[in-house]
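A short worksheet on the structure shown next.
The values are calculated or read from the model by the stated rules, or taken from the named source; none is laboratory data. This one's a predicted model, so the numbers in the text were calculated from it and none came from an experiment. Glycine also receives a Cβ, built like all others from the backbone with ideal geometry; neighbour counts cover every protein chain displayed.
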Amino acid sequence: MAILDAQNLTIKFGGLTAVSDFTLHMEQGDLVGLIGPNGAGKTTIFNMLTGIYKPTEGEIFFGGQSLKNKKPFQVTQMGIARTFQNLRLFNELTVIDNIKVAHHLKVKYNVMGSIVQTPAYYVEETDIQQKAEKMLEIFGLEYRKNELAKNLPYGEQRRLEIARAMATEPQLLLLDEPAAGMNPQESKHLMELIRWIKKEFSLTILLIEHHMDVVMGVCERILVLDYGQTIAEGAPAEIKGNKRVIEAYLGDLGEESTDA
Amino acid sequence: MTEKLDRKTIITKKMSRNLILIGLILGLYALLSFSFGGNAYYMRILTLASINVMLGTSLNLILGYTGQLNLGHAGFMAVGAYTAAILTTSYSTPFFVNLFLGALLAGFIGLLVGLPTLRLRGDYLAIATLGFAEIIRVTALNLNITGGALGIRGVPYLTNFTWAFFLAAITVWIIVNFINSSHGRACKAIREDEIAAEAMGVNTTYYKVLVFSMGAFFAGLAGGLFGHLLTIVHPSSFTFLKSIEYLVIAVVGGLGSITGSVMAAIFLTFLSEALRKFTELRMIIYAGALVLVMLLRPQGLMGGMELQLEHLDPRNWKGYLENFKNRQVSKLRSKRGDRNGNT
Amino acid sequence: MSEALVNFLQQLVNGLQLGSIYALIALGYTMVYGIIRLINFAHGDVYMVGAFIGFFVAGWLGEAAIIPALLLAMIGAALLGVTIERLAYRPLRSAPRLAALTTAIGISLLLENLVRLYVGPNFLAYPEMIKRVNHYFGGVLISNVYMIVFGTAIVLMAGLQYIVVKTKAGKAMRAVAFDKDAARLMGINVDGIISLTFALGSALAAAAGILVGITYGRIDPYMGIIPGLKAFVAAVIGGIGSIPGAMVGGLVMGIAEQMVVGYISSSLRDAVAFFLLIIILLIKPTGLFAEFTQEKV
């Protein structure tokens, strides 16, 4: 059974159709890349998948369940986690608290329990602390755990955001340009990490990326978007030779290089 | 990696910490009532300070921890004050029950106000809360049960230092415990970035409304105490300026710092009393000091830090001094780095 | 005309007059908010200071000196507004928003109490700058004072609209409101434009202060608090940041208030604004004139 089944998604803002007729099936364990020039609608698709935008047409199923009318926090509870293109860390919280927030949806003690500090509260809090530390260790951020998130260097902030998404214990992870702003060495390291967590946590990953080499290197299947339309889909090798893809990218080449 | 601590050790450790805190609170109470018990004037100021602690910390929960602007705290205070005063003067229910019912109604009104308004952001929310508080006040001004423009006179003088001190201690205790839980972290996440918080599975509407009505509950509780201290409940006690007074406590103490709010509440209550002699200059000094504090230290006195039990232990002081020095050095370094890094 | 209709038209005229004053104050709020995202709580007090400058100029030059009073009050208030921005708000531009808001409240208290220290806490009778002549139009009273207040307000608003839409400085102002950093890169003197915004807004508020003094015949150091709040609400109703919005919001507010006072109860006078605010915020949170913008994710 498909873990994610997005059927004919279309979204319009006023008169503008940002994404039209987008269809995506993902099986458990897939690693799919979503590429396309700036403004092609990639992040808009993420926003629809996570409940931030409501598609004008079409429906999304996750593990067989419809995501219709689900709020973003409910989508996360169902098992989809994401990162953001422009980092959205909890800047004034420590690194470890950023992770601990993500454990929120697994917490069983209620508000009363926290006020009178029941034994269950202590036990769960200790548990959360240990889990969070372990997650930081995986992402090599343990030594930063008590620093404020905003004080981390850029690359580490990117890693922290992925770690935070992982801490919600998702089945499907959506990564929005995880390697943006990283140097080639950092992004290579990141790709290894993504491959590793995918295996370790038996994840399914959908990834938006601008760095061509990164997408080609790590993804098994790629979708190319241009002006909201899916213009190609296939294995990396097929995409590389696709005429329409090359056209879409060449038209945008100038912009790409200023943005890197 | 940390080894798994067993249930019993964790609980005993935390419990002993709680016992120390309870001991400190009782000790402080004993010390204050022993030192000032004979002086009715000082006891009254201390009582007022305790009430302000409740209002400052409960507002900080909304502003500083959840990041929701609220310029109408005095409105919720009014609901508690009127309810408790009406119950005391018209029915012979016990004082504590009246206070509690007043707080409960304030919390409920907080819920009603919060549900529609909390989807507004930032300044829109601020102005809407200001509007609601003003509507509450005008309602009190026009109802018979609240005594209209005359207010409720002859409210029995039931609020003493003991009531105010322990209710303030309980308020602070509850708020601190809430903040230090997963629920409190969810609130801080909302403050930092609402969209990211939602993406981490936090039901942002639920927490915003919860915190808003929790804050209103404690404001109502403090309002009940306030009415039974002044022995009169009057609409002019709950104007916009009153809300501002608590905003100032929360901001000057430091948003996101409960100990900051406690200290600011006590300090500002005493300052206000000390300036009472200079009627003409009082507000000028107060306003001037406020502007100066904000310009020199916009993050407030405590700036989001908390004074903790460990900080009171002299054995730790040397370490703090080192940390402080290191921080200053690294701050200077990063400043220099910034300048070089700019292109 | 029937008595009911005359009564209604009378309330409408009174409402328009009151509304034009709210609109003048609201413009300052909306311009400042549009450009630095700050609820300038001291704005109502700049309006109060303007009224007092007019009061003293009239005391000095005689009662008939309405034009010099108006001009000097506007210049004085503009200088005050610019000074406040320079000393109290500019250093906090990158600080937490609540720090700036609290500072604005502090400045507001400071102005009120400084003026109070100087003139005392009581009402002062405002000089009769215009000899009141009553005109009746089919039973509706429209005095020459009303006409002058309304006329001055319209002229000033038209002047502001001209500056914002037609002049280079106005274009720069809109650019800064839209994106400060981009405007700076385009060579716009952002700090200068912010100062100009404060100067214009404060001058309009001072004019409103004098018009209120003339209409109601009395002023006091706390006269700015409630009209200030109401004018801000008017700005929000119109859509904060929008200049036509502030004008329409002010008029709507004035008419609504006058209708409630005329037909329901004058004790609800101050609550009208907030009822109106909450209704608008719940139906169209961005106000009547502002475009809805969703946060970019």
Single unsatisfied condition, B:L120 versus (1) at pLDDT 90 or above; (2) among the hydrophobic types (A, V, I, L, M, F, W, C); (3) not in a helix (DSSP H, G or I): (1)
- request: For A:R158, indicate whether it is within 24 Å of B:G201 (Cα to Cα) and more than 12 Å from every other protein chain (Cβ to nearest Cβ).
  value: yes
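Conditions tested, residue by residue: (1) charged (D, E, K, R); (2) more than 12 Å from chain A (Cβ to nearest Cβ); (3) outside any helix (DSSP H, G or I); (4) out of contact with any Asp or Glu (no Cβ under 9 Å at 6 or more places or on another chain).
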residue	(1), (2), (3), (4)
B:I195	no, no, no, no
B:L210	no, no, no, yes
B:G215	no, yes, no, yes
B:G223	no, yes, no, yes
B:H228	no, yes, no, yes
- prompt: What residue, among those in segment A:79-123 that are of a type in the set (V, I, T) and within 8 Å of chain B (Cβ to nearest Cβ), is farthest from the chain's Cα centre (by Cα)?
  reply: A:V116
query: Residues B:L105, B:L99, B:L112, B:L141: which one is crowded, with 24+ Cβ neighbours inside 10 Å and assigned to a helix (DSSP H, G or I)?
result: B:L99
- prompt: Is at least one residue of segment C:270-290 more than 13 Å from chain B (Cβ to nearest Cβ) and touching a helix residue (DSSP H, G or I) at 6+ places or on another chain (Cβ under 7 Å)?
  reply: yes
- request: Report the residue count in segment A:124-138 for those that are surrounded by 20 or more Cβ atoms within 10 Å (Cβ to Cβ) and either more than 11 Å from chain B (Cβ to nearest Cβ) or modelled with pLDDT of 90 or more (or both).
  value: 4
- request: Name the residue, out of C:Y118, C:Y29, that is of a type in the set (F, W, Y), assigned to a helix (DSSP H, G or I) and over 17 Å from the mean Cα position of the chain (by Cα).
  value: C:Y118
message: Restricting to segment A:47-63, and then to whatever is more than 19 Å from the chain's Cα centre (by Cα) and assigned to a strand (DSSP E or B), can you tell me which residue is farthest from A:T23 (Cα to Cα)?
response: A:E57
- line: Checked segment B:34-67 for anything surrounded by fewer than 18 Cβ atoms within 10 Å (Cβ to Cβ) and either part of a helix (DSSP H, G or I) or hydrophobic (A, V, I, L, M, F, W, C) (or both); matches are B:F34, B:S35, B:F36, B:A40, B:Y41, B:Y42, B:R44
- prompt: Going by the structure shown, is C:V115 away from every other protein chain (no Cβ under 14 Å), more than 30 Å from C:D179 (Cα to Cα) and modelled with pLDDT of 90 or more?
  reply: no
Near pairs, Cβ below 6 angstrom, 6+ apart or cross-chain, from segment C:90-110 (assigned to a helix (DSSP H, G or I)) to any residue that is of a type in the set (D, E): C:S108/C:D45
message: Quick check on my filter: what residues within segment B:152-164 are buried (at least 21 other Cβ atoms within 10 Å of the Cβ) and within 22 Å of the chain's Cα centre (by Cα)?
response: B:T159, B:F161, B:A164
query: Within segment B:199-208, can one find any residue that is touching a residue at least 24 places away in the same chain (Cβ under 8 Å) and surrounded by fewer than 22 Cβ atoms within 10 Å (Cβ to Cβ)?
result: yes
message: So, in segment B:118-128, exactly how many residues are over 19 Å from the mean Cα position of the chain (by Cα), of a type outside the set (D, E, K, R) and more than 7 Å from chain C (Cβ to nearest Cβ)?
response: 2
message: I'd like to check something: does segment A:10-33 contain any residue that is in contact with a Pro (Cβ under 6 Å, 6 or more places away or on another chain) and in a loop (DSSP other than H, G, I, E, B)?
response: no
- line: Scanning segment C:218-241 residue by residue, the ones that are surrounded by fewer than 22 Cβ atoms within 10 Å (Cβ to Cβ), in a loop (DSSP other than H, G, I, E, B) and within 14 Å of chain B (Cβ to nearest Cβ) total 1
query: In the set A:N183, A:N146, which member is in contact with a strand residue (DSSP E or B) (Cβ under 6 Å, 6 or more places away or on another chain), more than 9 Å from chain B (Cβ to nearest Cβ) and either of a type in the set (K, R) or surrounded by fewer than 22 Cβ atoms within 10 Å (Cβ to Cβ) (or both)?
result: A:N146
- prompt: Is there a residue in segment C:245-255 that is away from every other protein chain (no Cβ under 13 Å) and on the phi > 0 side of the Ramachandran plot?
  reply: no
Tally, over segment B:171-193, of residues that are basic (K, R) and within 7 Å of chain A (Cβ to nearest Cβ): 2
query: Looking at (1) without any contact (Cβ under 8 Å) to a residue 12 or more places away in the chain; (2) under 19 Å from the mean Cα position of the chain (by Cα), which is the one condition that is false for A:G15?
result: (2)
- request: Given the conditions (1) surrounded by fewer than 16 Cβ atoms within 10 Å (Cβ to Cβ); (2) under 23 Å from A:K198 (Cβ atoms), report the number of the one that A:A120 does not fulfil.
  value: (2)
field: Qualifying positions in segment A:219-229 - buried (at least 21 other Cβ atoms within 10 Å of the Cβ) and outside any strand (DSSP E or B)
entry: A:C219, A:G228
query: free of Cβ contacts under 8 Å to residues at least 40 places away in the same chain, part of a helix (DSSP H, G or I) and within 27 Å of B:N177 (Cα to Cα) - does that describe any residue in segment B:292-310?
result: yes
